[in-house]
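The values are calculated or read from the model by the stated rules, or taken from the named source; none is laboratory data. These figures come from a predicted structure and were not determined experimentally. Cβ: placed from backbone, ideal geometry, glycine included. Neighbour counts: every protein chain shown. We work out accessible area using only protein heavy atoms, side chains counted, and drop any ligands, DNA or RNA first. Shrake-Rupley method; radii C 1.70, N 1.55, O 1.52, S 1.80 Å.
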Amino acid sequence: MRVTQRVHKILDNYNSDNPGTKANLARMLCTGRLGGTGKLVILPVDQGFEHGPVRSFAPNPAGYDPVYHAQLAVDAGLNAYASALGMIEAVADQYAAQIPLILKMNSSNTLYRSSEAPTQAITASVDDAVRLGCAAIGYTIYPGSDEAFNMLNDLRELIREAKSKGLAAIVWSYPRGGALSKEGELAVDIDAYAAHIAALMGAHIIKVKLPTDFIEQDEAKKVYQKENINIATQADRVRHIVQAVFNGKRLVIFSGGAMKGADSVYQDAQDIYDGGGNGQIIGRNTFQRPREQALEMLDRIIGIFLGKVRHGAVAQAAE
Amino acid sequence: MRVTQRVHKILDNYNSDNPGTKANLARMLCTGRLGGTGKLVILPVDQGFEHGPVRSFAPNPAGYDPVYHAQLAVDAGLNAYASALGMIEAVADQYAAQIPLILKMNSSNTLYRSSEAPTQAITASVDDAVRLGCAAIGYTIYPGSDEAFNMLNDLRELIREAKSKGLAAIVWSYPRGGALSKEGELAVDIDAYAAHIAALMGAHIIKVKLPTDFIEQDEAKKVYQKENINIATQADRVRHIVQAVFNGKRLVIFSGGAMKGADSVYQDAQDIYDGGGNGQIIGRNTFQRPREQALEMLDRIIGIFLGKVRHGAVAQAAE
Amino acid sequence: MRVTQRVHKILDNYNSDNPGTKANLARMLCTGRLGGTGKLVILPVDQGFEHGPVRSFAPNPAGYDPVYHAQLAVDAGLNAYASALGMIEAVADQYAAQIPLILKMNSSNTLYRSSEAPTQAITASVDDAVRLGCAAIGYTIYPGSDEAFNMLNDLRELIREAKSKGLAAIVWSYPRGGALSKEGELAVDIDAYAAHIAALMGAHIIKVKLPTDFIEQDEAKKVYQKENINIATQADRVRHIVQAVFNGKRLVIFSGGAMKGADSVYQDAQDIYDGGGNGQIIGRNTFQRPREQALEMLDRIIGIFLGKVRHGAVAQAAE
Amino acid sequence: MRVTQRVHKILDNYNSDNPGTKANLARMLCTGRLGGTGKLVILPVDQGFEHGPVRSFAPNPAGYDPVYHAQLAVDAGLNAYASALGMIEAVADQYAAQIPLILKMNSSNTLYRSSEAPTQAITASVDDAVRLGCAAIGYTIYPGSDEAFNMLNDLRELIREAKSKGLAAIVWSYPRGGALSKEGELAVDIDAYAAHIAALMGAHIIKVKLPTDFIEQDEAKKVYQKENINIATQADRVRHIVQAVFNGKRLVIFSGGAMKGADSVYQDAQDIYDGGGNGQIIGRNTFQRPREQALEMLDRIIGIFLGKVRHGAVAQAAE
Amino acid sequence: MRVTQRVHKILDNYNSDNPGTKANLARMLCTGRLGGTGKLVILPVDQGFEHGPVRSFAPNPAGYDPVYHAQLAVDAGLNAYASALGMIEAVADQYAAQIPLILKMNSSNTLYRSSEAPTQAITASVDDAVRLGCAAIGYTIYPGSDEAFNMLNDLRELIREAKSKGLAAIVWSYPRGGALSKEGELAVDIDAYAAHIAALMGAHIIKVKLPTDFIEQDEAKKVYQKENINIATQADRVRHIVQAVFNGKRLVIFSGGAMKGADSVYQDAQDIYDGGGNGQIIGRNTFQRPREQALEMLDRIIGIFLGKVRHGAVAQAAE
C-alpha cells in the first residue's frame, strides 16, 4: 500500500492519534481506485436495519446475501465497506484483507415508533470491530434529539476505546428530534453545526447530508447575513461544511440519500468535488440497482472524484 | 460426532466465529436423529416462566419434573433442549454430555402487566451457560416494543460475551408492542424484518413464528406489490423468511405456537421443510401430551425433516 | 456434622452446584434438632426493617438486642437464623460457627410509601455474606410488581455471585403490586407461580406464604377445573406448591405471617408436614413472645416436623 | 493512644469488623478530652453545602477559612471533625494526624428545589477518605423519601467499601419526604425507626435529631400505648432511641440543630447524657459564635458528658 | 520553569494533592507573561459546541482552524488554553509542550432544547486528557438545575480520577435551571454559593461569572443585611467571591461573557484585580476580534493583572 504525499498531509491533521489509528485511516485513504487522492467513496449497507430487508433488497434480490455487497465494493474499487455486525461477520473472514471494513455500532429501525427523542440501539462493540479486522467504527448521532446527550455520552466512550485500540472513528451526524423543524434537519446552519459537533467529539471522518440553503436558527441567520456567507449553490454549501470541520482538517463525506435518478447522484458528486468535500457515501443508489448498473454508476462517480469527468455545468456562483 | 459435508458447508457461513463457537454449532447440528442433515428440532420448555406451572404442566404432570423434559429430548432424538436457569441447573450435571443444552437468558411472565413497552427480565448470565456446559444461549427480543432498543443493547453484550466464550447464540425474535397492531405481530413483512434484525445482531440461529400473509407497513406493502413477491402459501412465506436471514446463510427455525391439533403441527413442519427452513422448535405441543404421544409426534416430525415422510398435499403455489 | 442419606438424596437435586454451595445447603439441613431429616425451621428477624423497631420488639423488649435472636435460634435447635446486615454483623463473630446464618440482601420499610411498583432496597452484598461466614443469602422478589423485572435482574446477579462463592440462595417470593388484586396475593395459582419463578431463577430454597384456595387468573382457573386439581385443604395446597418447585426437587418452606394464636401456628406446621413441604420460617410468632413461650412453641413445631407430634385432625380431603 | 476498658467494651460490639475499622473507631473514641469515656462530641461543618457560604460563615467570618474549623475542633478537645471533600482536602495534610477526620460523602443544597423525593449528591468517594487519612466516612439518608431506596443502595456500596478499607461509617439518618408529615420528621416513632434503619445498614455510629413526643404512624401509636412506652421527657426519648440501635450496641449521637440559645444547647447535652446517648454533633451553634464563646460552650458540653457538670434540673419523669 | 515564592505559597493551599497535580497547577501558574504572579489569563474556545461554528467563528474566520487559537494563546503569553476534545486533539501534538492545555470534559449545545433541568453531555474522559498531555480537566456544573445532582455525581468521579492521575481540575460553576430566576443566575448570593460548591467538590481552580448586586434568596438577603456585607461595587463582589472559595485558598477566575466593548472588558479585569481575584478567562472577546486586535487587548489585560496598567477610576467604595 503506497501512502502518497497527499495522504501524508491529511494524516498530519491527525497527529495526536496513535500509529494504529493513523494506519487504519491510511488504509481507507489508500484503498481502491481513489487510493492516494484524499477522496473517499464508501459503500454503506445499513438499510436492512433501518427499513427492513424487503424494502432494502427486494429491488435487487442479490443483495439479500451479505457477500454481494462486499464484492460489489471491491469490484467497484471503493475505499471501504460499512455495515452492521451480522453483515460484517458474514464477510469479514473473506474480505477484511481485501477492503477496509467499517463496523456500524448503532442502528435504528422503523418498527420502533418515532418521537421527539429519537435514538438508536447500540448493536456492536469496539471489540467486535477489533476481532473482525475492521479499520473503523461508525456511529450515528442525532444532534437536536432529546436523547442527543445520551448518544454523545455513548459516543465518547466508543470513540475513546476505538482510538485506544488503533481504530478510526466515523460519525454519521444527522440532526433531528427535539425542537428542530422537519425542514431544519437539512438546514445549512444545522448541518454545519452537526458536522462541527462530530469534529469536536473527536471523529476522524464526518458524514453529513448535503444541506439546503434553509437557515433554521434565528441567531445563526443574523450571522449569515451580517458576515455575508455564501451558501447559494450546493458546492458553496459543501465548502461551508468543510470550513465547519476545522477548516478542512477533518475528512468530511456526504450521503446520497434515497434512491434517485442517476443524474442527481452525479451532480451531488460533482458539487462535493467542487466544494472541496472528501467524498461520498452511497448505498441504496447503488445496491438497489442491478450490479452492472451499480458498477457503471460508481465508475462514473469515481471519475468525478478523480477529476477526470465533469458532470453538468460548473456552478458559476461557486467560483 | 461425525461432521457431515452438509454441516461443514453451513459452518462456512459462520467463518468469522472462533472454533469453540463453531464446535458448539456443530454439536447442535450433529446431535440426534437429524444430526448431519442441517435440520434441527429443538425442545424448549420456557412455558413455566411465561404462563406459570399449572397452565404449563398440569395437562401432563410428569412435566413438573425438569428431568422429564431433558429425557424426552434425548429419547426423541432431538438436536437440543432449551430452558431457563433453574430448569437447566436441575439437569445439566446429568444431561450436558448427552444433548446440547441451550440456556434461555431472559423471560417474561403473565404476572407482569402488559404495556406498549413489553420487555423481559434477564434471568441468567453467559457465565451460567459456561459453568453448566451449555452449547448456546437463547435470548428473546421484541422488535417494535418501546423497550426494543434496551433489549438490543442487552443482547449486544450477551452475544458478544457468548461468542468470546465459545458459545453459540440463538435469538427468539417476536415483534410486539409500540405501534404494532395485534395482527401485525405475525405479518409477513414484520416477521421478515424481525428475522433480519436478529441476523444483523449476530445471531447464529434465528427463531421466529410462522407468518401470515398480512402486511403491516404501508411502505413495505408497496414493495411486495411492485416486486411481486410470492407470499401466498406458508411454504412461500418460509422461503421469504429464509431470504431475510442473509439469503439462508443463517439458520432459521420456526415455533409451533400454542397446543393445537397434530395435523396442524405436521403441516407446519412440512411447510418449513418445503420452504427451506432449518427446522422447528416445538414445546407445548409435545410436553403437554403424554410421553408416548409426544414421542410419536416427534418421530413423525423428524421423518418430515428427514424427507422420508410427507404430510398433506404439496402446496402447489409454492412450486 | 453427619450428613444423612435423606440429605444426600436432597443434595443430589442440586448436583449442578459446586461443593461449597452444597456444603452450605448441607449445613442448614444438618443443623439443629431437625438436622438430617430434610426438614427446616428457620428464625427470620427482618421485622425491624419492615415495620420499625417498636412494632417489632416492644412486645418482647429483649429482642432489641440482636444477640437475643441468634441465641434463641440456637437454644431452640433451629436450622438457621436470617436477618439484615446490621443484625448479622452484631452476632456473626460469636454465632457463625454455632448456627448457619442467612444474610437478607434486600428489605422494604413502611416509611417508604406504597405504589403499584413495590420494590425493596438492596441493603447487603454477597461479599458481606462471605466475610461474615454466612451459609446463604436471602432475597425477596415481588412477582407481579411493576418493578418485578428489575428485582429479577438484580437477583440474577446476586444468585450467580453467591453460587460462584459457595453460598446457597434462598428466595422469598411474595406476589404483589401491578395488576394483582389484594386477594390474589395469596391465591393458590399465584403462589404456585411465584414459587415456580423462584425455582426458575435458580433458588436453592424457596419461601412462600401458605396460599388460600382463591384463584386469581382466569386462564389458570380453566386449567384447575379441567385438570381437577385438588386444592381443597391447606395440606393439598402445600402439596400443589411442592409440585410447582420442580416436583419437590427444590426445598420449599412456608412463612407463618403475622402474630397469631399458637393453635393456628401449629396447624400451619401440621399442614406443611402433611403436604410434604420442607418446613417453616417463623419470626414474629416466636420472637414477639416471651423467650420461654417461644422455646415451647418451637419445640412443638419441631415435634410436628419430626413426625413425633400431631396437631389437630388430619385433613381428610388431603389423603 | 490509651484504649480504656470502656472503649474495649464498646469495640466488642463491633467484633465482626476488621482491625483497621476497629482501630479507627478507637481513634475517634480515644481522641480529645472525652477520650476513653465512650462519649463523643464531633464538629461538623457541612453548612456551606447545605445553606451556602454566606448564611454559614458571615456571622463569624473566620469560618470562611477551612483551617479555622479543624483548629477549633483540636483546641476544644473534640473527638473528630467532619466536613465535605474540599474542606477536608484543605486541612488533611496538616490535621489528619492531629484529630480523626470524617469525610462527608453526600450533600444537598438549597439551590436544588425541594420535592417529595429529596436526595443528595454523592460528592466524595471512599478512596478520597483513604488518601486523605480519614478515620470514617459520613453519609446522610432520608428514610421516607421517594428516593430513599436509591440512597440505601448507594450507602450499601459505600459502607461495604469503607469497611473493606478499614474505615468506620457514620450515618446521618434524617426522615423526610414521601408521605411523611412535617411534624413527623421529628416524631419519636419515626426517629427510632430511622435510627434502627441506619443500624441495620451496618452503620458504626448513628446520628439522628432529638425527637419530639409526637407519634406519626397509627400502627406504631397502638404499640406505644399498649406497651406503655415512656417517651415523656427528652431524656426518655433518648433512652428509647438508644434501645432502637440494638439496645445500645451501636453508638448513637444527636445533632443540635439550628443556632439557638446556649441554655438550650446545654439542656440537649444533659438530656443525651441522662438518656444514655453517646454524644453530640454540634456545628452551627459553635462555629457561628466567636471562637472564644465557642470554646467556652464546648468546654461546658464536654463537662456535661464527663459527668462533672450538670445542667438544669434532672428530668424527674426520666428516672 | 521558575516557581516563584508567590506560587509556592499558593501551592501550599493544595498540599493534600499529589506532586503530579501540584506540578500541573504550577505549570499553569508559571506559564506566560503572568507566570509566577499568581494571576491567570486563560483562552477558552468552547463556543463551537455551545453556539455552533458559524456564530463562533464567522466573525473572524481564521478561528475555524483549531491551530489559530492555540497559537493565539501562545503569542499573547497566556497561562493556558482550554477547549473540547476534537479541538485539543487537533493541536496537542504540536502545542502540549508549549502551553498548558485544559481539556473541557462536558459541553452543551443550542440544538438541544432548554428545560428546567439543563445539563451537558460528557464529551471527553480523563484518559483523553492524560494521553493528550493536558495539564487539567475542565467541567461545567449548573447549580440549581434539576440535573445538578447528577452533574455533581459525574464531577466527583472525574475529579477523583483526574487527581489520581496527576491532573488539576477546573470547575465552571454556572447557576441555572430549577427554581432559579433569570436574574438570579448572576445574583451575588447565588454566585458565591456556586463558587463555594465548586470549592467543596474539590476544584483546584473555580471559574464563575462576575456577579451583579442582586440577591436571589430571602434567607441569604437577611444575612447580607444583618452582617452588613459590602457588595456595592464589582470589585467588592469579587472580594466577596474570593472569600467564598475558602477565604482565597482556592484560585478563582472570572469569565468575560458575550462579545462586548473593549472598555468593559478592561474594567472587568481591573475589578477582578482590585477585588483580589486570580484572573480572567476570556474567549469570544478575543478570538472573535481580528488577531492583532485580540493580541492588543490581551496585552492590556495582562498589563492590568501585572499591576502595570490601571483602567478607569478606582472604585472608591471598594477601598
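Just give me the residues in segment A:72-107 being surrounded by fewer than 19 Cβ atoms within 10 Å (Cβ to Cβ) and touching a residue at least 24 places away in the same chain (Cβ under 8 Å), in sequence order.
A:VAL74, A:ASP75, A:GLY77, A:GLN94, A:ALA96, A:ALA97, A:GLN98
Among (1) of a type in the set (Lys, Arg); (2) out of contact with any helix residue (DSSP H, G or I) (no Cβ under 9 Å at 6 or more places or on another chain); (3) within 11 Å of chain D (Cβ to nearest Cβ), which single condition is E:LYS182 missing?
(3)
Determine if segment B:37-52 includes at least one residue that is more than 26 Å from B:PRO290 (Cα to Cα) and open to solvent by 40 Å² or more (accessible area, probe 1.4 Å).
Yes, there is a match, as at least one residue in segment B:37-52 is more than 26 Å from B:PRO290 (Cα to Cα) and open to solvent by 40 Å² or more (accessible area, probe 1.4 Å).
Check C:ALA232 against each of (1) in a loop (DSSP other than H, G, I, E, B); (2) more than 19 Å from B:ALA58 (Cα to Cα) and name the one condition it does not meet.
(2)
For D:PRO118, are the conditions met, namely being more than 9 Å from every other protein chain (Cβ to nearest Cβ) and open to solvent by 10 Å² or more (accessible area, probe 1.4 Å)?
Working: more than 9 Å from every other protein chain (Cβ to nearest Cβ): yes; open to solvent by 10 Å² or more (accessible area, probe 1.4 Å): yes.
Taking the combined requirement at face value, the residue satisfies it.
On the basis of being touching a residue at least 24 places away in the same chain (Cβ under 8 Å) and open to solvent by 10 Å² or more (accessible area, probe 1.4 Å), does A:VAL126 make the cut?
No; evaluated as a whole, the condition is false for this residue.
When you go through (1) in contact with a Ser or Thr (Cβ under 7 Å, 6 or more places away or on another chain); (2) assigned to a helix (DSSP H, G or I); (3) under 24 Å from E:MET87 (Cα atoms) one by one for E:LEU43, which number turns out not to apply?
In the conditions (1) in contact with a Ser or Thr (Cβ under 7 Å, 6 or more places away or on another chain); (2) assigned to a helix (DSSP H, G or I); (3) under 24 Å from E:MET87 (Cα atoms), E:LEU43 misses (2) alone.
May I ask you to list the residues in segment B:201-211 that are surrounded by 24 or more Cβ atoms within 10 Å (Cβ to Cβ), aliphatic (A, V, I, L, M) and closer than 14 Å to B:GLY279 by Cα?
B:ILE205, B:ILE206, B:VAL208
Hey, could you check segment D:245-262 for residues that are surrounded by fewer than 21 Cβ atoms within 10 Å (Cβ to Cβ) and in contact (Cβ under 8 Å) with a residue 12 or more places away in the chain and say which is nearest to the other protein chains (Cβ to nearest Cβ)?
Top of the filtered list is D:LYS249.
Quick grid of which residues meet (1) within 14 Å of chain E (Cβ to nearest Cβ); (2) in a helix (DSSP H, G or I); (3) within 17 Å of the chain's Cα centre (by Cα):
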residue: D:THR21; (1), (2), (3): no, yes, no
residue: D:ALA26; (1), (2), (3): no, yes, yes
residue: D:ARG33; (1), (2), (3): no, no, no
residue: D:GLY36; (1), (2), (3): no, no, no
residue: D:TYR68; (1), (2), (3): yes, yes, no
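What tally of residues in segment C:176-200 results from selecting those that are more than 13 Å from B:SER56 (Cβ to Cβ), open to solvent by less than 10 Å² (accessible area, probe 1.4 Å) and under 16 Å from the mean Cα position of the chain (by Cα)?
So the answer is 4.
Applying the selection to segment D:289-319, what residues are touching a Ser or Thr at 6+ places or on another chain (Cβ under 8 Å) and modelled with pLDDT of 95 or more?
D:ALA294, D:MET297, D:LEU298, D:PHE305, D:LEU306
Counting only residues that are touching a residue at least 24 places away in the same chain (Cβ under 8 Å) and polar (S, T, N, Q), how many does segment C:209-233 have?
The total comes to 4.
Which condition breaks for C:ILE205 when tested against (1) within 12 Å of chain B (Cβ to nearest Cβ); (2) within 20 Å of C:ILE170 (Cα to Cα)?
Here C:ILE205 clears every test but (1).
In the list A:LYS222, A:LYS209, which residue meets the criterion of being of a type outside the set (Gly, Ala, Ser) and over 26 Å from A:MET151 (Cα atoms)?
A:LYS222 is the lone residue from the list that is of a type outside the set (Gly, Ala, Ser) and over 26 Å from A:MET151 (Cα atoms).
Collect the residues in segment D:162-179 that are within 9 Å of another protein chain (Cβ to nearest Cβ) and under 19 Å from D:HIS240 (Cβ atoms), keeping them in residue-number order.
D:PRO175
Being among the aliphatic types (A, V, I, L, M), crowded, with 21+ Cβ neighbours inside 10 Å and away from chain C (no Cβ under 13 Å) is the filter here, so list the residues in segment D:129-159 that pass it.
Listed by number, the residues that qualify are D:ALA129, D:ALA135, D:ALA136, D:ILE137.
With D:ALA97, D:ALA62, D:ALA92, D:ALA76 as the choices, which residue is farther than 20 Å from E:LYS163 by Cα and touching a strand residue (DSSP E or B) at 6+ places or on another chain (Cβ under 9 Å)?
So the residue among D:ALA97, D:ALA62, D:ALA92, D:ALA76 that is farther than 20 Å from E:LYS163 by Cα and touching a strand residue (DSSP E or B) at 6+ places or on another chain (Cβ under 9 Å) is D:ALA76.
Of the residues that make up segment E:48-66, is at least one more than 18 Å from A:VAL223 (Cα to Cα) and modelled with pLDDT of 95 or more?
Going through segment E:48-66, the residues more than 18 Å from A:VAL223 (Cα to Cα) turn out to be E:65-66.
Adding the requirement that they be modelled with pLDDT of 95 or more leaves E:65-66.
Yes: segment E:48-66 contains one or more residues that are more than 18 Å from A:VAL223 (Cα to Cα) and modelled with pLDDT of 95 or more.
Return a yes/no flag: does segment A:215-235 have any residue that is more than 14 Å from chain E (Cβ to nearest Cβ), among the small types (Gly, Ala, Ser) and open to solvent by less than 10 Å² (accessible area, probe 1.4 Å).
Looking for residues that are more than 14 Å from chain E (Cβ to nearest Cβ), among the small types (Gly, Ala, Ser) and open to solvent by less than 10 Å² (accessible area, probe 1.4 Å), one finds at least one in segment A:215-235, hence yes.
So A:VAL7 passes all but one of these: (1) part of a loop (DSSP other than H, G, I, E, B); (2) out of contact with any strand residue (DSSP E or B) (no Cβ under 9 Å at 6 or more places or on another chain). Which condition number does it fail?
Status for A:VAL7: all satisfied but (1).
From A:GLN94, A:GLN98, grab the single residue that is assigned to a loop (DSSP other than H, G, I, E, B) and either closer than 25 Å to B:ASN18 by Cβ or at the interface with another protein chain (Cβ under 8 Å from one of its Cβ atoms) (or both).
Testing whether each residue is assigned to a loop (DSSP other than H, G, I, E, B) and either closer than 25 Å to B:ASN18 by Cβ or at the interface with another protein chain (Cβ under 8 Å from one of its Cβ atoms) (or both) leaves just A:GLN98.
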